[in-house]
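The values are calculated or read from the model by the stated rules, or taken from the named source; none is laboratory data. The model shown is predicted, which means the values in this text are computed figures rather than measured ones. With ideal geometry, Cβ positions are generated from the backbone for all residues, glycine too; neighbour counts draw on all protein chains shown. Note: accessible area is taken over every heavy atom of the protein model, side chains too, but ligands, DNA and RNA are not part of it. Shrake-Rupley method; radii C 1.70, N 1.55, O 1.52, S 1.80 Å.
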Amino acid sequence: MQHTTVQHIKAAGVVGAGGAGLPTHIKADAKVDVVLVNGASCEPMLASDPYLMERETDTMLDGLEAIMECTGATRGVVCLKAKHAEAVAALQAAVARRGAGRLEVFLLGDFYPAGDEHVMVREALGKTVPAGGIPLQVGAVVANVETLYNVAEAIKGKPVTHRWLTIACEVNKPMVVRVPVGTLVEDVLAFAGGARIAKYSVVDGGPMMGRVLESTQASVTKTTSGLLVLPPDHTVVSGKVMEPERLRRITNTICCQCSFCTDLCPRNLLGHPLRPHKLMRVSPEQAQADPAAVREAMLCSECGICEKFACPMGVSPREVNAQIKKTLREKGIRWESTGLSPENNPFRECRTVATKRLVQRLDLAGYDPHPHAVEHFTPSHVRIPLHQHIGAPALCVVSAGQKVHVGDVIGEIPEGAMGARVHASLDGVVESVANGFVTIRA
Ligand code: SF4
Ligand code: SF4
């Protein structure tokens with residue numbers, strides 16, 4: 001029998017808002033000692049998590065306590081960067097009020113990727129997650145700030161229908177904005193005053209791990225943390241749009257084996273046996289022929305430090321690893337975790353990458369990293385994807401012409417599958433159900 005809170009979370013369609021969208025009821029069903037809140041907001045330019053920690057402090061902490069209760073955790077640790085002073089002050093006051101001892105605030109330095117789960121566990125708990133493992137193996141779960149906000153709302157019976165996100169860089173009004181899930185990117189951009197350059201690309205997510213959208217007709221999902229509007233030839237965009245096979249050939253050809261990528265790799269520094277410079281010697285054909293020999297690529301978090309910061313040749317070990325990982329997954333090859341925590345590299349601390357330097361390297365220093373405008377936007381229609389989480393797509397349970405209200409279930413978890421419910425985010429009429437999307441017009 002599932003804990004009532006877990007049932008509420010499942011019914012509300014809560015998924016990990018900061019990553020690939022793992023349904024939260026699965027994480028909440030584990031037994032752990034400590035819940036870490038990932039408030040690092042470590043991708044440059046993204047500002048909605050610090051905003052939520054500062055302005056929705058108690059709601060977020062309600063969500064944290066709910067997850068602590070159902071996982072049996074006796075400690076809840078909110079991890080955020082000391083530089084977010086307003087959020088730190090709000091959290092410290094709330095923690096003192098609600099029960100210091102059970103709840104703590106842990107201050108992180110300003111480096112990237114402070115929000116990598118493995119790095120955060122090491123910083124906050126002094127424990128190292130085994131290579132290829134998950135924080136559960138050291139008695140922890142890591143939850144994102146907005147996920148916990150959504151958990152608190154779920155307990156009140158409110159499903160996930162909206163998303164907080166940052167709109168930044170080449171827009172007329174950079175802002176943190178709350179929009180219904182399914183809002184079209186072009187509508188959000190128009191609300192932010194439009195792009196201030198004629199030709200632009202839009203990055204969905206942060207500059208390091210986000211992806212360039214093919215079209216502004218794309219929808220905001222439960223996992224959209226930000227939209228960065230940038231010139232098409234900007235450093236952040238150019239590496240992301242090259243055809244992957246070409247990028248890999250160039251990388252294999254140009255790599256000079258300096259090993260800087262390995263020296264600065266956050267997972268290698270934790271002691272995981274990931275050596276990107278060695279993987280650069282492997283051609284796609286070799287990886288296909290002997291995939292087991294390159295299985296260490298599975299340890300790559302795709303944080304992008306090697307590609308965007310370390311490599312003097314401007315090539316992409318991250319992309320090579322991503323391609324090898326895909327091949328390995330297709331062949332059913334997995335990393336067999338030993339369950340043992342490795343020794344960290346003794347130079348780990350002095351090799352972390354300061355966000356300030358990263359921002360300069362990414363050519364983002366000219367943009368406001370903390371947009372102060374906070375807005376709410378309701379569009380005239382939404383196009384809601386039925387698949388915005390890890391697991392099976394939701395099964396549509398509405399049809400064209402049907403009236404719906406915000407919070408009505410429009411997509412159900414298929415029987416026996418892992419997945420997440422999807423809900424209407426606008427009062428209106430279902431205009432169409434097609435190609436995995438439900439369009440609702442207000
Ligand atoms: S993307 Fe590069 S730096 Fe990051 S974990 Fe993978 S190999 Fe290491
Ligand atoms: S940093 Fe670049 S050039 Fe140096 S080993 Fe890694 S991929 Fe090759």
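Side notes on the structure shown:
- Residue 116 of a type in the set (Asp, Glu), assigned by TED's automatic domain parsing to the domain that holds residue 91 and farther than 23 Å from residue 338 by Cβ: no
- Exactly one residue out of 374, 359, 382, 406 is assigned to a strand (DSSP E or B), in contact (Cβ under 8 Å) with a residue 24 or more places away in the chain and either on the phi > 0 side of the Ramachandran plot or open to solvent by 20 Å² or more (accessible area, probe 1.4 Å) (or both): that is 374.
- For region 298-318, taking the residues that are farther than 12 Å from residue 256 by Cβ and more than 6 Å from ligand 1 (Cβ to nearest atom), the one that is modelled with the lowest pLDDT is identified as 316.
- With respect to the conditions (1) within 15 Å of ligand 1 (Cβ to nearest atom); (2) within 20 Å of residue 360 (Cα to Cα); (3) not aromatic (Phe, Trp, Tyr), residue 231 falls short on a single one, namely (1).
Residues are listed down the side, and each one gets a yes or a no for (1) in contact with a helix residue (DSSP H, G or I) (Cβ under 8 Å, 6 or more places away or on another chain); (2) more than 29 Å from residue 422 (Cβ to Cβ):
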{"residue": "162", "(1), (2)": "no, no"}
{"residue": "184", "(1), (2)": "no, no"}
{"residue": "193", "(1), (2)": "no, yes"}
{"residue": "214", "(1), (2)": "no, no"}
{"residue": "230", "(1), (2)": "yes, yes"}
{"residue": "255", "(1), (2)": "yes, yes"}
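- Residue among 85, 66, 47, 96 that alone is surrounded by fewer than 24 Cβ atoms within 10 Å (Cβ to Cβ), in contact with a Ser or Thr (Cβ under 8 Å, 6 or more places away or on another chain) and on the phi < 0 side of the Ramachandran plot: 66
- Residues located in region 311-341, provided they are part of a helix (DSSP H, G or I) and either in contact with a strand residue (DSSP E or B) (Cβ under 6 Å, 6 or more places away or on another chain) or within 13 Å of ligand 2 (Cβ to nearest atom) (or both): 317, 318, 319, 320, 321
- Residue check, residue 221 touching a strand residue (DSSP E or B) at 6+ places or on another chain (Cβ under 9 Å), buried (at least 20 other Cβ atoms within 10 Å of the Cβ) and hydroxyl-bearing (Ser, Thr, Tyr): yes
- Selected residue (criterion: nearest to residue 213 (Cα to Cα)) from residues of region 226-243 that are surrounded by fewer than 17 Cβ atoms within 10 Å (Cβ to Cβ) and either within 11 Å of ligand 2 (Cβ to nearest atom) or aliphatic (A, V, I, L, M) (or both): 241
- Those residues of region 295-310 which are away from ligand 2 (no atom under 13 Å from the Cβ), part of a helix (DSSP H, G or I) and surrounded by fewer than 21 Cβ atoms within 10 Å (Cβ to Cβ), in sequence order: 295, 298
- Subset of region 319-334 that is among the β-branched types (Val, Ile, Thr) and within 15 Å of ligand 1 (Cβ to nearest atom) - its residue that is surrounded by the fewest Cβ atoms within 10 Å (Cβ to Cβ): 324
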